[in-house]
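Here's the structure, in C-alpha cells; my notes come after.
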Amino acid sequence: MNEQVQPKKSNNVTIVILVISSITILLLGYCIISNIKKNNEKRKEIKIQNAEARKRDIIFENKYNLIRIPAGEFKMGSRFRESVSPSYPRHKVYLDEYYISKYEVTNKKYCDFLNKRGKHKASSTHPCLDLNDRDCLIKKLDDRYIPKLGYDNYPVGEVTWYGAVEYCKWLSEETGLNFRLPTEAEWEKACRGGNDGRWCFGENESLLKDYSWYSANSGRKTHPVGGKKPNAFGLYDMHGNVAEWCSDWWSGSEFMPCIYYIKSPYRNPQGPSSGRLRTFRGGHCCNYAISNSSTIRRSNGPCGTSPYIGFRPVMTLR
Ligand SMILES: [Ca+2]
Ligand SMILES: [Ca+2]
C-alpha cells in the first residue's frame, strides 16, 4: 500500500513547483514588458517635448530674433586679477534656461517703442533717452520719433538704464512674453558661447576683428547690428559695437576683486541687492581689444548716457 502512495505525493509536489514557477515567470515577463512599455512611452514623450521645444525655438528666433541659452553651469569672471575691470575671482554659476536677443536693439526698434509711448520719459524724473545730445541717432519730427537718416539699423545709444528697462516692459506688453534686461551672469554666459577664453573664440586676439567693432576697425563709430560673425550661440556684437546695460547693481572698484563675485550665489545670481550705479557689459567700438573681452565690466548711473551704451533684452518662459 505504502509503496503506491509515495509517487503520488511526489507528483503533487512537482505540480505545485511547476505552477509556482510558471506564475513567477509570467509575473516577471509582465513586469519586464510593462517596464519596456513605460520606457518607450517616456522616450516618446521626451521626443515630443524636444520636437515642440525645437519648434518653439524656431518661432522665437524667426519672430523675435531670440536665441535659447540652455540651462547649465559656466565659469564666470576672469582667471586673473586684471587692471581693466574688476572681474575677478572666477566662480562657477548655474543658470536656468533663457532666451536672449540675437542683436543689440536698433534705433528703428527703439523708435517703435517711443512712438507707442508718445514720450521719451520713463518717469517724471527719469528720461529714456538723451534726445538733445547731438550724438543721439534718434530725433523728434512732428511728434514722431525717427532714426536720423541712414541710422535705422544701428544700435540705439544715448539710452538710459531706465529707458532700457521701459523698452523691455513695452516689448512684454506687445508680445505677451516676459522680456527684461539680462543679469550680468546671463549676459556673460551668452557672450562666452561655451568658451572659457578671453573672447568668445578663445585667446587669439587677431580674430577679434571678425567678431567685433572695436578701436582697431570701427573708426570710433558704431555700425549696423549683425555686421560681424556671430558667436557659437549665434549672437552678434556681444564684443564691441555698443556696450550693453544689464539689470545688476554695480559691485567693484578698479584694480580690486569684485566683492559680489566672492560671495555670489551659485544659482541664478541677480547681483547686489542695492547700489548707486548699474552695470554694463561687452566693451564698445572705441575700446581696445582687451576691453572688449567676455569679462569686461563697467558701470554708469542709471540716468547716465553715452553714444556707446545700448542694450539687448532677454526673455524667460517662467
Ligand atoms: Ca555689444
Ligand atoms: Ca549723453
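If you go through segment 39-77 and keep only what is at pLDDT 95 or above and of a type in the set (Gly, Ala, Ser), you end up with Ala71, Gly72, Gly77. A search for C-beta distances below 6 Å between a residue of segment 277-288 that is touching a residue at least 12 places away in the same chain (Cβ under 8 Å) and among the aromatic types (Phe, Trp, Tyr) and any residue that is within 15 Å of ligand 2 (Cβ to nearest atom) and assigned to a strand (DSSP E or B), counting only pairs 6+ apart in sequence or on different chains, returns Phe280/Ala243; Phe280/Trp245; Phe280/Ile309. Looking at segment 129-143, is at least one residue in contact (Cβ under 8 Å) with a residue 24 or more places away in the chain, in a strand (DSSP E or B) and within 15 Å of ligand 2 (Cβ to nearest atom)? Yes, the conditions are met somewhere in segment 129-143.
In segment 237-260, the count of residues that are assigned to a strand (DSSP E or B), modelled with pLDDT of 95 or more and within 16 Å of ligand 2 (Cβ to nearest atom) is one or more.
If you filter segment 297-316 down to residues that are of a type in the set (Lys, Arg) and more than 16 Å from Asn65 (Cβ to Cβ), you find that the one that is farthest from ligand 2 (Cβ to nearest atom) is Arg297.
Among the residues examined, Gly226 qualifies as at positive phi, in a loop (DSSP other than H, G, I, E, B) and of a type outside the set (S, T, N, Q).
Counting only residues that are in a loop (DSSP other than H, G, I, E, B), away from ligand 2 (no atom under 15 Å from the Cβ) and touching a helix residue (DSSP H, G or I) at 6+ places or on another chain (Cβ under 7 Å), segment 144-169 holds 4 of them. For Leu207, the requirement of being assigned by TED's automatic domain parsing to the domain that holds Ala289 and either in a strand (DSSP E or B) or in contact with a His (Cβ under 9 Å, 6 or more places away or on another chain) (or both) is not met. Of the set (1) surrounded by fewer than 22 Cβ atoms within 10 Å (Cβ to Cβ); (2) closer than 22 Å to Met238 by Cβ, all apply to Arg117 but (2). In this entry, Glu188 passes the filter for residues that are buried (at least 24 other Cβ atoms within 10 Å of the Cβ), assigned to a helix (DSSP H, G or I) and assigned by TED's automatic domain parsing to the domain that holds His120. Looking at segment 100-128, which of the residues that are of a type in the set (Lys, Arg) and assigned to a loop (DSSP other than H, G, I, E, B) is farthest from Phe311 (Cα to Cα)? Top of the filtered list is Lys119.
Of the residues making up segment 305-318, those that are part of a loop (DSSP other than H, G, I, E, B) and either among the hydrophobic types (A, V, I, L, M, F, W, C) or closer than 20 Å to Lys169 by Cβ (or both) are Thr305, Phe311, Arg312, Pro313, Leu317, Arg318.
The values are calculated or read from the model by the stated rules, or taken from the named source; none is laboratory data. Predicted, not measured: the structure shown is a model, and the values here were computed from it. Cβ coordinates were reconstructed from backbone atoms using ideal geometry, including for glycine residues, and neighbour counts include every protein chain displayed.
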